[in-house]
1. Considering just Cα atoms, how many Å³ per residue does the convex hull of region 1-70 enclose?
2. Treat every Asp and Glu Cβ in the chain as -1 and every Lys and Arg Cβ as +1, leave all other atoms uncharged, and give the resulting dipole magnitude about the Cα centre to the nearest 20 debye.
3. Once every DSSP H run of n ≥ 4 in the chain is given -39500 (n - 2.57) and the sum is divided by its residues, what mean residue ellipticity at 222 nm do you get, rounded to the nearest 500 deg cm²/dmol?
4. Tilt of helix 72-92 relative to the longest C-alpha principal axis of the chain, in degrees (0 to 90, nearest 10)?
5. When every alpha-carbon pair in the chain is counted, what percent end up more than 31 Å apart?
6. State the number of lysine pairs found in region 90-194 whose Cα atoms come within less than 23 Å, restricting to pairs 8 or more positions apart or on distinct chains.
7. Provide the packing ranking of 35-45, 163-173, i.e. peptides ordered by the mean count of other C-beta atoms within 10 Å per residue, highest first.
8. Roughly how tilted is helix 51-65, in degrees to the nearest 10 and between 0 and 90, from the longest Cα axis of the chain?
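Read-outs: derived from the displayed coordinates by stated rules, not from any lab. Values in this document were obtained by computation on a predicted structure and should not be read as measured data. Here the Cβ positions follow ideal geometry from the backbone for every residue, glycine too, while neighbour counts run over all protein chains shown.
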Amino acid sequence: YFVLPYTIGDYLSNEIRTGKISTDLPEFKEAEKKVANRIERLFNIKGKKSVDDFHKDLGKIMWEYVGMSRNEKGLKKAIKEIRKIRKEFWSNLCVPGDKNSMNSELEKAGRVADLLEMGELFAKDALERKESCGGHFREESVELDGPQKGEAKRDDKNYTYVSAWEYKGDPSEAVLHKEELEFNDIELKQRSYK
């Protein structure tokens with residue numbers, strides 16, 4: 001599951017006051033062309049496997065290797081398997097129906113195409129962070145002794161930053177950007193789940 005901050009609603013709420021945006025702008029025309037090309041590409045695959053099959057395959061990999069508990073070996077396997085699924089998706093997808101009318105399978109195909117990229121990027125991001133953090137437990141990052149034995153082990157020396165991945169057309173080419181965090185009024189502490 002995803003945890004979305006409550007602040008995002010307030011942040012976006014002022015956007016409704018922007019007013020009507022012209023569809024004659026070059027950015028709009030470019031976006032419209034990209035969407036039309038993507039729809040055409042999805043329909044021209046003419047494969048044998050349903051969108052739901054790909055979605056389930058991705059879900060199993062995400063659950064097994066990129067979930068709340070994860071390790072380096074599993075994350076690397078997930079990346080490899082997701083790439084295979086994405087390659088098959090773009091060569092063996094079947095989107096029934098018509099592209100010029102309401103088509104829920106086409107809608108799902110677009111979302112699953114995005115999820116296949118996002119899933120790989122999630123695994124790549126989790127592989128990059130070699131510590132247990134938040135609700136995610138990195139199996140290699142555990143306290144081995146003392147009162148916190150068995151608990152998630154933080155690495156504040158190397159992971160006190162906020163990060164964002166820059167899209168470069170493929171998750172394998174995404175570039176990680178980091179912004180160091182400075183803690184002046186808050187003391188960083190090990191969390192205990194006991």
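1. Numbers: hull volume 11.2 nm³, N = 70.
About 160 Å³ per residue, rounded to a whole number.
2. 840 debye
3. On the way: 5 runs with 87 residues, N = 194.
When only DSSP H runs of four or more count, the value is -15000 deg cm²/dmol.
4. On a 0 to 90 degree scale, this one is about 0.
5. On the way: 6765 of 18721 pairs.
Summing the P(r) of the chain above 31 Å gives 36 percent of all pairs.
6. Lysine pairs, 8 or more places apart or on different chains, close enough: 21.
7. Values: 35-45: 13.5, 163-173: 11.9.
Highest to lowest by the protection proxy: 35-45, 163-173.
8. Between the helix axis and the principal axis of the chain, the angle is about 10 degrees.
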